[in-house]
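The values are calculated or read from the model by the stated rules, or taken from the named source; none is laboratory data. Remember, predicted model here, so these are calculated numbers, not experimental data. Here Cβ is always computed from backbone atoms with ideal geometry, including for glycine, and neighbour counts include all displayed protein chains.
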Amino acid sequence: MASPGLQYLSEFVATAVLILLGDGVVAGVLLGRSKAANAGWSVITWAWGLAVLMGIFIAGPISGAIMNPALTIALASIDKLSWDLVPGFIAAQMGGAFAGAVLVYLTYLAHWRDTDDPALKLGVFCTAPAIRNLPANVLTEIIGTFVLVFVVLAVGTNTLAPGLGPLGVGLLVVVIGMSLGGPTGYAINPARDLGPRIAHALLPIPGKGGSDWGYAWVPVIGPIIGALLGALLFKVMYT
């Protein structure tokens, strides 16, 4: 087994690539004068699924490619990850998400001034609800993350298609986005939302507006609850 330091590094790099490719596709679709402008929701959901798959290829052999603080906590809750590693994993995931968001900012550096709507600029970095109803928004994130964690864990026990686990997880993220992502933009990962939101607050983005900190707790608390519930059902059914 790799040393804790190497596991943390792999989580940092994998999460950075996840956010670079995931937030990158959102930037391509939303920002002014991008060649991918208006490509649509399907492009975003497919790219996020592929971004997860790339992260799995990077960190899977080293740390398990968790890339998600909610999943990290859920794994520890069912004794599939040592609690001693949890703080380091979460710090690496948050740092990687921040770094990936900064790289997206740099990649699209020439496009921020050609985008007038501050909400579109914020949407590159983090999620926002289609209808702002915080209890409903939390419930959406709980359900989406419950499905993510339960199915990810089930895929790990599946012997019907050996070797296809990473592809299954990538496709899972695609279908969650298409089926459950409409209400909130399917954060389903505290690092995916909070790390880039912090980057949005700190980066010198022209005309960016606020970072909507009043909503920021929803894609943190909702995924953690959903992940714990998903892990609990997995434990009841499979162990």
Exercise for review: Take the stretch 26-80 and flag every residue that is surrounded by fewer than 23 Cβ atoms within 10 Å (Cβ to Cβ), among the β-branched types (V, I, T) and under 23 Å from T239 (Cα atoms).
Suggested key: I73, I78
Review point. Does the stretch 142-150 include one or more residues that are within 22 Å of A99 (Cβ to Cβ) and surrounded by 18 or more Cβ atoms within 10 Å (Cβ to Cβ)?
Key: no
Point to revise | Residue ID - modelled with the lowest pLDDT, chosen from residues in the stretch 141-196 that are out of contact with any Phe, Trp or Tyr (no Cβ under 6 Å at 6 or more places or on another chain) and of a type in the set (S, T, N, Q) | key: T159
Review point. Which of (1) buried (at least 19 other Cβ atoms within 10 Å of the Cβ); (2) within 14 Å of the chain's Cα centre (by Cα); (3) within 24 Å of G28 (Cα to Cα) does V104 not meet, given it meets every other one?
Key: (2)
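For the stretch 73-86, state whether one or more residues are touching a Gly at 6+ places or on another chain (Cβ under 6 Å) and modelled with pLDDT of 95 or more.
No; the residues of the stretch 73-86 include none that is touching a Gly at 6+ places or on another chain (Cβ under 6 Å) and modelled with pLDDT of 95 or more.
Matching residues to (1) assigned to a loop (DSSP other than H, G, I, E, B); (2) free of Cβ contacts under 8 Å to residues at least 60 places away in the same chain; (3) charged (D, E, K, R); (4) crowded, with 18+ Cβ neighbours inside 10 Å:
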{"site": "V174", "(1), (2), (3), (4)": "no, no, no, yes"}
{"site": "A201", "(1), (2), (3), (4)": "no, yes, no, no"}
{"site": "W213", "(1), (2), (3), (4)": "yes, yes, no, no"}
{"site": "I221", "(1), (2), (3), (4)": "no, no, no, no"}
{"site": "A231", "(1), (2), (3), (4)": "no, no, no, yes"}
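Listed residues A91, A97; which is surrounded by 20 or more Cβ atoms within 10 Å (Cβ to Cβ), touching a helix residue (DSSP H, G or I) at 6+ places or on another chain (Cβ under 9 Å) and in a helix (DSSP H, G or I)?
Numbers: A91 fails: surrounded by 20 or more Cβ atoms within 10 Å (Cβ to Cβ).
The match here is A97.
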Check your understanding: Among all residue pairs at least 6 apart or on different chains, which show Cβ distances below 6 Å where the first residue, located in the stretch 22-35, is farther than 16 Å from L50 by Cα and among the charged types (D, E, K, R) and the second is buried (at least 20 other Cβ atoms within 10 Å of the Cβ) and at pLDDT 95 or above?
Key -> none
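Select, from L153, L167, the only residue that is in contact (Cβ under 8 Å) with a residue 12 or more places away in the chain, assigned to a helix (DSSP H, G or I), surrounded by fewer than 17 Cβ atoms within 10 Å (Cβ to Cβ) and not small (G, A, S).
Unique residue meeting the criteria: L167.
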Review point. Taking only pairs six or more apart or across chains, which ones have beta-carbon atoms under 8 Å, a first residue in the stretch 113-128 that is closer than 20 Å to A191 by Cα, and a second residue that is in a helix (DSSP H, G or I) and of a type in the set (V, I, T)?
Key: G123/V26; V124/V26; V124/V104; F125/V104
